[in-house]
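Chemist: Input: one structure, supplied below.
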């Protein structure tokens, strides 16, 4: 069973269903060790101006980017146009057609702008990108993004960086259930149990950044998230007792009702 | 500080002053040898000939005479459409209501001068090495001088650093670069990357200062300057004909792993070697950093 279980995203075929963020790590060394510990094959990146003078080193310097599937984001964009411009720069810098569309519509929470996310997704799909939009937990919007050609949809469990876990489990489960494309739960996953839960529900994968980067021991936490994602995936594929495609069944004793010597 | 002088000419605002600085080509520094009484006529002639900036550099005169002279020169410059600066003395700049001041490496610190002058007056700083030119970019100043280009009796202690220092300054500067030191023509320094040419003897010791200033201004204005561009949101300069790959190389940037956008359009990596930096281009050079 394990050999056949691959996540297909555009041209990428992934064994690991944990996508590893690269922001906010305490050092380049810790980031490199954390990615290695997680065995992630896809990592996210941001696009920023190069410093013209002085120190140009970034937290990515310890990584051989050629070893990973790169998922650059459009973080920082406030409109569809800005997201598309960042996507063009990302493709030119990385020679990869993958893009995580992220358009902030509300500064305080960094919640995504649904209209701009949809527009940027549609246009970048038309330009031939493999688009993975970061979206809210709105079910209908996820379906529309899938229709628009998104390779996967990435609903946020909670606001970016909040580590609040899954705030609206009902909607996340509905999206997983209804969406015709892979659902990768992104943003706000604070503990491995959060990742495990959504993987049990059938999420195709998770993207974790702050939950690992800001842990007291990021490298060990990366390992913990990886184990949780594997466990959740295995549980989902094994079919949870009491769950059917229609939802939960009724209650029932685990021990046989017959033969009780208490008559 | 009064914003109008006795003739009723209004001083330029901070923005206008800087706009005019960017369009300047000829910068006159007064000499220390001419009799003080001759300085006003000299400045009058230089401004009439096209000097865009005038710096009063006199070290030995008594304070009241200096203040009086500075006030009078500020008036001359304002009437003639030139910018008036004083050398080193913040107090003199304040007393004369000067448009700005020039500082040497050993003079008052730029931050201190800015603190005392406020935001309007221009501040310039002499730089003699590429390191000084680079370091100056962090300071609240409006131009840097690069030199001495040639050995000069005006500053016998200065070691000539040649036009290389002008080019080195031009490569890193986000503010105009003034070439100074023994220059008696206006072309070579501009072509080496200076925005303007500063002269002392070429005008002050000329038989006809007005004619000398006119010639120098015309030479400097006729030479082909480096182009101002916007690079990652900062003003920078690029020599004419520079290819994008050369621009990246002098910034120490490997083209692999970066993306280059010129005026909103991505430049494919294979075109970097042949595409020349357009005049006034808005260029972005980006790379990947950590992100979620």
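The values are calculated or read from the model by the stated rules, or taken from the named source; none is laboratory data. Just so you know, these numbers come straight off a predicted model, no measurement behind them. Every residue, glycine among them, receives a Cβ derived from its backbone with ideal geometry; neighbour counts consider all protein chains shown.
Chemist: Condition first: loosely packed, with under 15 Cβ neighbours inside 10 Å and either free of Cβ contacts under 8 Å to residues at least 40 places away in the same chain or in the same structural domain as residue B:134 (by TED's automatic domain parsing) (or both). Now tell me which residues in region B:242-256 satisfy that. Give the derivation first.
Modeler: To start, the set of residues in region B:242-256 that are loosely packed, with under 15 Cβ neighbours inside 10 Å comprises B:249-250, B:252, B:254, B:256.
B:249, B:252, B:254, B:256 - these are the residues of region B:242-256 that are loosely packed, with under 15 Cβ neighbours inside 10 Å and either free of Cβ contacts under 8 Å to residues at least 40 places away in the same chain or in the same structural domain as residue B:134 (by TED's automatic domain parsing) (or both).
Chemist: Suppose we filter region A:192-220 for residues that are more than 14 Å from chain B (Cβ to nearest Cβ) and in contact (Cβ under 8 Å) with a residue 12 or more places away in the chain; how many remain?
Modeler: Number satisfying all stated conditions: 16.
Chemist: Got a number for residues in region A:77-117 being assigned to a helix (DSSP H, G or I) and more than 9 Å from chain B (Cβ to nearest Cβ)?
Modeler: The first filter runs over region A:77-117 and keeps only residues assigned to a helix (DSSP H, G or I), leaving A:80-94, A:114-117.
This time we only want the ones that are more than 9 Å from chain B (Cβ to nearest Cβ), so: A:80-84, A:87, A:114-117.
The number of residues fulfilling the criteria is 10.
Chemist: Oh, and also: Quick one: which residue in B:251, B:244 is modelled with pLDDT of 95 or more and within 30 Å of residue A:69 (Cβ to Cβ)? Before the answer, list the steps.
Modeler: Values: B:251 fails: modelled with pLDDT of 95 or more.
Every option except B:244 fails the conditions.
Chemist: Looking at region B:166-181, is at least one residue crowded, with 20+ Cβ neighbours inside 10 Å and at positive phi?
Modeler: Taking every residue of region B:166-181 in turn, at least one turns out to be crowded, with 20+ Cβ neighbours inside 10 Å and at positive phi.
Chemist: Moving to a separate point now. Can you name the number of the only condition in (1) out of contact with any strand residue (DSSP E or B) (no Cβ under 9 Å at 6 or more places or on another chain); (2) more than 24 Å from residue B:140 (Cα to Cα) that residue B:58 fails?
Modeler: The one condition residue B:58 does not meet is (1).
Every residue, every condition in (1) part of a strand (DSSP E or B); (2) in contact with a strand residue (DSSP E or B) (Cβ under 9 Å, 6 or more places away or on another chain), yes or no:
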residue: A:140; (1), (2): no, no
residue: A:146; (1), (2): no, yes
residue: A:154; (1), (2): yes, yes
residue: A:160; (1), (2): no, yes
residue: A:163; (1), (2): no, no
residue: A:172; (1), (2): no, yes
residue: A:175; (1), (2): no, yes
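Chemist: Report yes if some residue within region A:9-22 is more than 10 Å from chain B (Cβ to nearest Cβ) and under 29 Å from residue B:264 (Cβ atoms); otherwise report no.
Modeler: Initially, region A:9-22 is screened for residues more than 10 Å from chain B (Cβ to nearest Cβ), giving A:9-18.
Next, only the ones that are under 29 Å from residue B:264 (Cβ atoms) stay: A:10-11.
Yes, region A:9-22 contains at least one residue that is more than 10 Å from chain B (Cβ to nearest Cβ) and under 29 Å from residue B:264 (Cβ atoms).
Chemist: To continue, here is another question. Looking only at region B:270-282, how many residues end up being in contact (Cβ under 8 Å) with a residue 40 or more places away in the chain and either within 13 Å of chain A (Cβ to nearest Cβ) or more than 25 Å from the chain's Cα centre (by Cα) (or both)?
Modeler: 1
Chemist: Would region A:61-76 turn up any residue that is within 12 Å of chain B (Cβ to nearest Cβ), more than 27 Å from residue A:15 (Cβ to Cβ), outside any strand (DSSP E or B) and touching a strand residue (DSSP E or B) at 6+ places or on another chain (Cβ under 8 Å)?
Modeler: Quick first cut of region A:61-76, residues within 12 Å of chain B (Cβ to nearest Cβ) only: A:61-66, A:68, A:70-76.
From the residues that got through so far, the ones that are more than 27 Å from residue A:15 (Cβ to Cβ) too are A:76.
Among the residues that remain, those that are also outside any strand (DSSP E or B) are: A:76.
If we keep only those that are touching a strand residue (DSSP E or B) at 6+ places or on another chain (Cβ under 8 Å) too, we end up with A:76.
Checked region A:61-76: at least one residue is within 12 Å of chain B (Cβ to nearest Cβ), more than 27 Å from residue A:15 (Cβ to Cβ), outside any strand (DSSP E or B) and touching a strand residue (DSSP E or B) at 6+ places or on another chain (Cβ under 8 Å).
Chemist: Limited to region B:210-254, what total is found for residues that are within 14 Å of another protein chain (Cβ to nearest Cβ), in contact with a strand residue (DSSP E or B) (Cβ under 8 Å, 6 or more places away or on another chain) and assigned to a loop (DSSP other than H, G, I, E, B)?
Modeler: Restricting attention to region B:210-254, the residues satisfying the condition of being within 14 Å of another protein chain (Cβ to nearest Cβ) are B:229-238, B:244, B:247-254.
Restricting the remaining residues to those that are in contact with a strand residue (DSSP E or B) (Cβ under 8 Å, 6 or more places away or on another chain) gives B:229-233, B:235-238, B:244, B:247-248, B:251, B:253.
Checking the rest, the ones that are also assigned to a loop (DSSP other than H, G, I, E, B) come to B:232-233, B:251, B:253.
So the count comes out to 4.
Chemist: Kindly provide the set of residues from region B:24-49 that are touching a strand residue (DSSP E or B) at 6+ places or on another chain (Cβ under 6 Å) and assigned to a helix (DSSP H, G or I), ordered by number.
Modeler: Matches in region B:24-49: B:43, B:46.
Chemist: Only one of B:186, B:181 is modelled with pLDDT under 95, assigned to a loop (DSSP other than H, G, I, E, B), over 18 Å from residue B:124 (Cβ atoms) and assigned by TED's automatic domain parsing to the domain that holds residue B:21; which? Before the answer, list the steps.
Modeler: Values: B:181 fails: over 18 Å from residue B:124 (Cβ atoms).
Among B:186, B:181, only B:186 is modelled with pLDDT under 95, assigned to a loop (DSSP other than H, G, I, E, B), over 18 Å from residue B:124 (Cβ atoms) and assigned by TED's automatic domain parsing to the domain that holds residue B:21.
Chemist: Whether any residue in region A:37-49 is farther than 17 Å from residue A:87 by Cα and within 8 Å of chain B (Cβ to nearest Cβ) is what I want to check.
Modeler: Scanning region A:37-49 turns up no residue that is farther than 17 Å from residue A:87 by Cα and within 8 Å of chain B (Cβ to nearest Cβ).
Chemist: Sticking with this one: Within region B:17-28, is even one residue at pLDDT below 90 and in contact with a helix residue (DSSP H, G or I) (Cβ under 6 Å, 6 or more places away or on another chain)? Please lay out each step first, then the result.
Modeler: The first filter runs over region B:17-28 and keeps only residues at pLDDT below 90, leaving none.
No, every residue in region B:17-28 fails to be at pLDDT below 90 and in contact with a helix residue (DSSP H, G or I) (Cβ under 6 Å, 6 or more places away or on another chain).
Chemist: Then there's this: Exactly one condition in (1) outside the structural domain of residue B:283 (by TED's automatic domain parsing); (2) part of a loop (DSSP other than H, G, I, E, B); (3) in contact with a strand residue (DSSP E or B) (Cβ under 9 Å, 6 or more places away or on another chain) is false for residue B:207; which is it?
Modeler: Result: residue B:207 fails condition (3) only.
Chemist: Oh, and also: Does region A:19-34 hold any residues that are within 17 Å of the chain's Cα centre (by Cα) and surrounded by fewer than 24 Cβ atoms within 10 Å (Cβ to Cβ), and which are they?
Modeler: Residues of region A:19-34 that are within 17 Å of the chain's Cα centre (by Cα), as a first pass: A:19-24, A:34.
Answer for region A:19-34, where residues must be within 17 Å of the chain's Cα centre (by Cα) and surrounded by fewer than 24 Cβ atoms within 10 Å (Cβ to Cβ): A:23, A:24.
Chemist: Here is a follow-up. Checking residue B:267 against (1) more than 12 Å from every other protein chain (Cβ to nearest Cβ); (2) touching a helix residue (DSSP H, G or I) at 6+ places or on another chain (Cβ under 7 Å); (3) without any contact (Cβ under 8 Å) to a residue 24 or more places away in the chain, which test does it fail?
Modeler: (1)
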